[in-house]
């Protein structure tokens, strides 16, 4: 029997309570720890899917920091540059006064700006010199958050697709 079927059976028999659900979550947490050890990629996929059930396709601090830490690119000298370019305070300051639509949160913006910097820094420096960072920020906001035909949570969905 599958976990979902088991829970449906208990629910249909009126055996579900908040206390029991928390107990079940505790048991499932132990199983998830085993999965984390044996198949970290599958664990990460599952935990992100659970996050999306509760929060939709949007970042929280934990997933945002994890994804930004894994970002990298090669600069014009061929050196590998990794991780955060803008911290959360710099991101908050950079978008002050900008209108960010929908259910977007600051962690979505943090990921979008850092991802765009890694993806476009070399070319934007070549094109815009001292204005490169400003242009990268504007471009990220337009690409991830002002795209009229994009789904809600574009940055979460985009980063998930890049991870596949």
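The values are calculated or read from the model by the stated rules, or taken from the named source; none is laboratory data. Remember, predicted model here, so these are calculated numbers, not experimental data. Using ideal geometry, Cβ is built from the backbone for each residue, glycine included, and neighbour counts are taken over all protein chains shown.
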Which residue out of 122, 91 is in contact with a strand residue (DSSP E or B) (Cβ under 9 Å, 6 or more places away or on another chain) and over 27 Å from residue 43 (Cα atoms)? 122
Please tell me if residue 85 is in contact with a strand residue (DSSP E or B) (Cβ under 6 Å, 6 or more places away or on another chain), without any contact (Cβ under 8 Å) to a residue 60 or more places away in the chain and either under 30 Å from residue 41 (Cβ atoms) or not assigned by TED's automatic domain parsing to the domain that holds residue 40 (or both). no
Which condition from (1) modelled with pLDDT under 95; (2) over 14 Å from the mean Cα position of the chain (by Cα); (3) surrounded by 12 or more Cβ atoms within 10 Å (Cβ to Cβ) is the one that residue 118 breaks? (1)
In the set 106, 100, which member is under 19 Å from residue 158 (Cα atoms) and more than 16 Å from the chain's Cα centre (by Cα)? 100
Are there helices (runs of 4 or more DSSP H) fully within the range 1-70 with at least 3 residues that are under 17 Å from the mean Cα position of the chain (by Cα) and surrounded by 13 or more Cβ atoms within 10 Å (Cβ to Cβ)? List them. 40-55, 61-69
